[in-house]
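One structure below.
The numbers here are math on the coordinates, done by the rules we state, and not lab data. Source: prediction; values computed, not measured. Using ideal geometry, Cβ is built from the backbone for each residue, glycine included, and neighbour counts are taken over all protein chains shown.
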């Protein structure tokens, strides 16, 4: 799970995962929207691959990347254990804003 | 969100958050179960505080830590966008295991 969260801690890697929800893509296709060098993208792909979040095709020349979402499910299960805590904190914020509004109306 | 995921990418920091679901705790109390030095724990707390996952009391001597779960809700919302992808990958695994079992029974 540490590897999953570490992989998700970078906006480019999150954007790569978002792109892969639309289907497989080669490194060149992934590099395009980010205006990054191929080696820089390859580095991000290695982090994603080690975390089990993508797999690569066997075709040596293209090796298309494919989203492997299972570790995201495991991460969400862990986060779900905290649901009642963040719901409480949203409720507290809600109460606070409501109190401010009432003060404002008076 | 990058700061949230980076903070969660360490098992000690995840264990600290788990401890704080049972209520506020001082650095000394948090250090105990981990057999870590106070400066090492303080370093982890700084990462959690910068990510907005904990807040510290104002009492200069104790500064008890408190869980702030809202960023975990934001992270879960993002991960929820991938739910159907990991559900599909679990289904594929399920199908695969079922086929293996049928083969085994024959």
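Could you work out how far the C-alpha centroid of segment B:21-40 sits from that of segment A:27-64, in angstrom? If you average the Cα positions of each part, the centres end up 40 Å apart.
In nanometres and ascending order, the distances from the residue A:35 label point to those of the other copies are 5.1 (point 7 Å from Cα along Cα→Cβ). Of the residues B:87, B:49, B:32, the one that moves most in a GNM of chain B with alpha-carbon contacts below 10 Å is B:87. Derived value for chain A: Kirkwood hydrodynamic radius 16.2 Å. Basis is the mean of 1/r over every pair of different alpha-carbon atoms. Against chain B, whose longest principal axis comes from its Cα atoms, helix B:83-105 is set at around 50 degrees. Distance from the axis that maps chain B onto chain A is least for the Cβ of the chain B residue given, with the whole Å value, as B:5, 2.
State, to one decimal in nm and shortest first, how far the label point of residue B:15 sits from each corresponding label point in the other identical copies (label point: 7 angstrom along Cα-to-Cβ). Result, one decimal in nm: 3.7. Relative to the longest principal axis of the Cα atoms of chain B, the long axis of helix B:70-80 makes an angle of roughly 10 degrees. Between residue B:49 and residue A:77, what FRET efficiency follows from the Cβ-Cβ distance if R0 is 22 Å, with the result rounded to 0.05? About 0.30, to the nearest 0.05. Considering helices alone, the calculated mean residue ellipticity of chain B at 222 nm is -20000 deg cm²/dmol, with DSSP H runs of length four and up weighted by -39500 (n - 2.57) and normalised per residue. Relative to the longest principal axis of the Cα atoms of chain A, helix A:11-20 runs at roughly 70 degrees. For the pair residue B:37 and residue B:59, label points projected 7 Å from Cα toward Cβ lie 2.7 nm apart.
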